Structure formats: structure tokens, C-alpha cells
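Have a look at the structure below before the remarks.
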Amino acid sequence: MRGRGILDDLCERVGDDLRSVVVYTASDYDLQYVRDDVAADYDEHAIERAVEEMRFKSLEADYIEDVFRERHGDHRCTVTYFADAVELHFPVSATTGLSVAVDAAYFARQDSFIEFVIDHLDDAV
């Protein structure tokens, strides 16, 4: 599978906050990087479930693109923000994509807008 070039760039840019990098197709996946402490939390079954979720996100991206493209442009990435990690899913087609996970603290330093909204959720809802 392709995608090895981006791994070096991600490692250089994100450093120790990089958690994982996965390239997948409908029938296969390449777990290009998993940080040791993250790998300790996953057995083979959990990895398979995570990759299956990535595939669902690619299918969902097609739907989102169909609904919103005319008003918002091309769908580029889906961000799922957890307390400890942020999953960034980059669909390439309905069956292929790239998933990158980083520590939540790294992502918060990069995009304070999300943290700003989270800090105000109690007041808003």
C-alpha cells in the first residue's frame, strides 16, 4: 500500500504526540505506525474493529459529500475528538482512506477553537 512518505512527515511534524497511522482499502489495511503505549491497549480484534469503523467513515463521507458538497465544497476530513485522542479520518473513496490519531493535547494546541467550544458547552446546552 502507498502512504509511507506521509508517515515520515507526520512523525517529524507531530513527534511523540502521534498515536497511529492507518491506510486502508475495502479488503486490507496497513497499520503504518502505532505508538507503543497505544499498541498495548489493542489486541488484533480491537484493531480489526477500529479499521472496520474507518471503512464505515468512508461510506459516511460519501453521503456527507452528497448532502453538503454544493454548499460547503468537497469533504476533506472527519475529526472525532475524544478526551485523550483525536482521530482524523481522510477518505479517499468509498472504500479507501487514511486515518491519523494524535494525542488530544497536541490537537488542542493546534486548534484552540474546538477547546473554546468545549469549555463553553455547559453554558450553551
- [ ] Return the loop-located chymotrypsin sites (Phe, Trp or Tyr not before Pro) in the stretch 19-125 (DSSP other than H, G, I, E, B) with at most 11 other Cβ atoms within 10 Å of their own Cβ; answer none if there are none.
- [x] Phe82
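Tell me, in nm to one decimal, what length is gained between Asp37 and Asp123 on full extension, where the rule is 0.36 nm per residue of separation less the Cα-Cα distance? Intermediate results must be reported in sequence, preceding the final value.
Working: separation 86, 0.36 × 86 = 30.96 nm, distance 3.53 nm.
Value of the extension gain: 27.4 nm.
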TODO: Work from the charge dipole of the stretch 4-120 (Cβ charges, +1 for Lys and Arg, -1 for Asp and Glu, about the Cα centre) and give the residue of Val79, Val67, Leu10 farthest towards its positive end.
DONE: Val67
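If r is the Cβ-Cβ distance from Asp66 to Val92 and R0 is 22 Å, what FRET efficiency results, to the nearest 0.05?
For Asp66 and Val92, the calculated efficiency is 0.85.
Using unit Cβ charges (K, R positive; D, E negative) and no other charged atoms, how large, in debye to the nearest 20, is the dipole of the stretch 4-120 about its Cα centre? Please report the intermediate quantities before stating the final value.
On the way: 11 positive and 27 negative charges, 76 e Å.
About 360 debye.
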Open item on the list: Here are a few candidate values for semi-axes √(5λ) of the Cα gyration tensor in Å: (1) 40, 14, 12; (2) 23, 21, 14; (3) 24, 15, 13. Which one was actually calculated from the structure I just gave you?
Closed with: (2)
Open item on the list: Run the helix sum for the chain: -39,500 (n - 2.57) per DSSP H stretch of 4+ residues, divided by residue count, reported at 222 nm to the nearest 500 deg cm²/dmol.
Closed with: -15000 deg cm²/dmol
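Coordinate-derived values only; no laboratory data. As the structure is a computational prediction, the values presented were derived from the model and not from experiment. We place every Cβ from the backbone using ideal geometry, glycine too, and count neighbours over all the protein chains shown.
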